[in-house]
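Structure, as structure tokens:
Bear in mind these aren't lab numbers, they're just calculated from the coordinates by the rules spelled out. Since the model is a prediction, treat every value here as computed from it, not as a measurement. Reconstructed Cβ throughout: ideal geometry from the backbone, glycine too, with neighbour counts over all protein chains shown.
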Amino acid sequence: MAQQILCEVSSCVHWAGENHCGATEIYVVNHDKSKATESAETDCKTFEVR
């Protein structure tokens, strides 16, 4: 399991500086019901605006 989550979305409340995510868990979903085949077809539902 990943020990370090990198993120460059500084407008997120979980952004911990230097492109690290401080959330205790990450929830990523597909844009729609189909199977994602590339990262652009996914969304981070853990995001909360700062």
| message | Could you order the peptides 25-31, 15-21 from most to least packed, using the average number of other C-beta atoms within 10 Å per residue? | response | 15-21, 25-31
| task | Can you pull the one-decimal nm distance between simple spin-label points at His20 and Leu6, each 7 Å off the Cα toward Cβ? | result | 1.4
| task | Note down the relative contact order for the chain as a percent, whole number, built from C-alpha pairs under 8 angstrom at least six residues apart. | result | 35
| request: Work out, step by step, the length gained on full extension between Val29 and Asp43: first 0.36 nm times the residue separation, then minus their alpha carbon distance; give nm to one decimal. | output: 4.5 nm
